[in-house]
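The values are calculated or read from the model by the stated rules, or taken from the named source; none is laboratory data. Note that the coordinates shown come from a computational prediction; the quantities given were computed from them, not determined experimentally. Every residue, glycine as well, gets a Cβ built from its backbone with ideal geometry; the counts of neighbours run over all protein chains shown.
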Amino acid sequence: MSYENVTLEVGEDGIASLVLNRPEKRNAIDQAMIDDLHAALDELDGRSDVRVLILSGAGGKAFAAGADIAQLRDRRAPEALKIINARLFQRVEDLAFPTIAAITGYALGGGCELAMCCDLRVAGESAKLGQPEVALGIIPAAGGTQRLPRLVGLGNARELIFTGRIVDAAYSERIGLVNRVVPNDQVLASARELAEEIAAQGQLAVRLAKLALNTSSRTGQDTGVLVEQLAQAVLFESDDKNERMTAFLDRKKT
Ligand code: COA
């Protein structure tokens, strides 16, 4: 399927690439892009061959510069209560397979929140991240006040959100907002390398690891450990586990 504001490709290696494609507006997320992203996620949900998704922004200047401010200005309380962006971002976090945000340029506001919904973040050395919403008289309300502290700790999250400060890639790496920083022209290659490393693992094991990890941020430890145990029980019955362990043991014999 083709979309106007995003492009989606799935390779034969199971690595999918979803690109926000509104570079003239720094990939600001407007309603049309939200609709396209939902449609692309529907398409991804319908495929069992996807092992990893790389999410990036077209144009090299931005991953995404946030929600579209022209549309935000006109929104009133009823629209806020529709949790338009938050619902979309939750879908990204809930994707069954790991996701990697490849960040070149700005990831601000909703752009930073979207990157935080991905499981991993690779940033170019000139990337700039932040939650500048308070400068516009609002707060990060697409999960930002919840996901940022989990990634960087409450103290760092308070500082970033209260000041609206935009920070560089090195600082982002130091506080745990991004996993790794690479030269700007290697962001996609580095994300792909990471994706290939993940794609080589047991597919069901990776998916269930994600499920258990996601549970860790949403429930108490007792429930989390239970999910972990159930996931392992499912894996113990899987052909993939049997094949991978047998291959290891056979290799040792020869
Ligand atoms: N919403 C709507 N339009 C946006 C946008 C956003 N979040 N971010 C950028 N744009 C538009 C600009 O209005 C401009 O449109 P125009 O060419 O029609 O005038 C175009 O994208 C290019 O932006 P510009 O500011 O000229 O690019 P830049 O490279 O100098 O600066 C940013 C890039 C990201 C630093 C700057 O655009 C910016 O601060 N954006 C807003 C970031 C923000 O506050 N996000 C949180 C939203 S809740």
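Count, please, the residues in the range 187-202 that happen to be in contact (Cβ under 8 Å) with a residue 40 or more places away in the chain and either in a helix (DSSP H, G or I) or over 17 Å from R51 (Cβ atoms) (or both).
Adding up the residues that qualify gives 10.
Based on what the data block shows, is G137 crowded, with 21+ Cβ neighbours inside 10 Å and either within 16 Å of the ligand (Cβ to nearest atom) or within 20 Å of F162 (Cα to Cα) (or both)?
Here the answer is no, as G137 does not meet what is asked.
Which one of the conditions (1) touching a Lys or Arg at 6+ places or on another chain (Cβ under 8 Å); (2) in the same structural domain as L114 (by TED's automatic domain parsing) does V181 fail to meet, given that it meets all the rest?
Answer for V181: the failing condition is (1).
Against the definition (within 30 Å of Q203 (Cα to Cα), surrounded by fewer than 20 Cβ atoms within 10 Å (Cβ to Cβ) and modelled with pLDDT of 95 or more), how does A102 come out, yes or no?
No; evaluated as a whole, the condition is false for this residue.
Residues are listed down the side, and each one gets a yes or a no for (1) in contact (Cβ under 8 Å) with a residue 60 or more places away in the chain; (2) surrounded by 10 or more Cβ atoms within 10 Å (Cβ to Cβ); (3) part of a helix (DSSP H, G or I):
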| position | (1), (2), (3) |
| --- | --- |
| K210 | yes, yes, yes |
| R218 | no, yes, no |
| V227 | no, yes, yes |
| L230 | no, yes, yes |
| V234 | no, yes, yes |
| K241 | no, yes, yes |
| M245 | no, yes, yes |
| L249 | no, no, yes |
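Within the set of pairs 6 or more residues apart or between chains, which connect a residue that is in the same structural domain as R121 (by TED's automatic domain parsing) and polar (S, T, N, Q) inside the range 144-168 to a residue that is within 13 Å of the ligand (Cβ to nearest atom) and assigned to a helix (DSSP H, G or I) with Cβ atoms less than 7 Å apart?
Listed by first residue and then by second, the contacts come to T145/I161.
Going through the range 29-55 one residue at a time, which ones are within 16 Å of the ligand (Cβ to nearest atom) and in contact with a helix residue (DSSP H, G or I) (Cβ under 7 Å, 6 or more places away or on another chain)?
Once the filter is applied, which keeps residues that are within 16 Å of the ligand (Cβ to nearest atom) and in contact with a helix residue (DSSP H, G or I) (Cβ under 7 Å, 6 or more places away or on another chain), the range 29-55 yields I29, D30, Q31, I34, L37.
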